[in-house]
Amino acid sequence: MKQKIGVIRFGGITFILAGVLFGVHNLLLLPLPDPPGTDVELLAWIQEWKFNLAMADEVLIFAALLLIPSIVALFRVLVKVDPVKTWLGCGLLAVTIPVYIMLDIFLGRTIYPVFGLELSADIHRLVLSLYYGGMHAAAIIMCISTVVLSLVIRRSTLGRSVAYLGFLAAAGDLIGSFPWVAGKPLIMVSQVLFSAWFVVVGLKLAVSRAEQTERRSTVEPL
């Protein structure tokens, strides 16, 4: 009988997919210039970048939802190493999920009309400011979560190299949380580190021996 995929391996796969989708989301928004100030220019800016905004919106919701099984898998691997830090780090990571979902709603409202309702330039300013402000908050939370989890990963079977990449990704999250201050090159580096850490953690989880160890322990006779 073909062996079913385990929770940890499945979480590793979803971690990889989440990292890729977050990378696509960031890549789609990276070319966008800063939103202009005047009404006419802002509405023209939205129309000009409508495709990028729409595709980024579609990708973000799936990236956020994929974090659910990813967090479960990471928790199961790390909780025996350091329960307190694992609860804290995974809890903070879980907090970002509803934040990203709400941001996806905000971003979609700039593009997709609801019942034919058109938004004024002032409402678009509010929605965009909420989106960018929310991404700032999510990046700060992700920064703290990544640091805490990397401290645990450093002592786990996932390896020190993953932990050090996590520390770099956390620094990138902090820099990337201020897109109106940091330049495009720094933003791009921070986004690459963010996605790379997700993918590397996912790869480690997908080939982790923790799943096999758990299975052996459940079938061993008393």
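What follows is calculated from the coordinates using simple rules that are stated; it is not laboratory data. All figures in this text were calculated on a predicted structure; none of them were measured in a lab. Cβ placement follows ideal geometry from the backbone for every residue including glycine, while neighbour counts extend to all protein chains displayed.
A few remarks follow.
- Between ILE105 and ASN52, the modelled labels are 2.6 nm apart [label points 7 Å from Cα along Cα→Cβ].
- Relative to the current alpha-carbon distance between ASP122 and ASP34, full extension at 0.36 nm per residue lengthens the span by 30.1 nm.
- Inter-label distance, VAL79 to HIS136: 3.6 nm, where each label sits 7 Å from its Cα along the C-beta direction.
- The C-alpha atoms of the chain define a longest principal axis, and helix 83-109 lies at about 30 degrees to it.
- Region 51-140: trypsin sites (Lys or Arg not before Pro) in DSSP coil with no more than 14 other Cβ atoms inside 10 Å: LYS80
- Principal-axis tilt of helix 160-176 within the chain, Cα atoms, nearest 10 degrees: 20
- Which labelled figure in [x] 0.95; [y] 1.02; [z] 1.05 is Rg/Rh (Cα atoms, Kirkwood Rh), once derived from the coordinates: [z]
- Förster radius 41 Å - calculated FRET efficiency between ALA94 and ALA44, Cβ distance, rounded to 0.05: 0.60
- Lys, Arg +1 and Asp, Glu -1 on Cβ, resulting dipole of region 7-213 about Cα centre, debye, nearest 20: 1240
- Compared with the dominant principal axis of the Cα atoms in the chain, helix 121-153 is inclined by about 20°.
- A cut-off under 15 angstrom between Cβ atoms defines the neighbours of ILE46, and their net charge, with Lys, Arg +1 and Asp, Glu -1, is -4.
- Between VAL114 and ILE68, the C-beta separation translates, for a Förster distance of 30 Å, into a calculated FRET efficiency of about 0.65.
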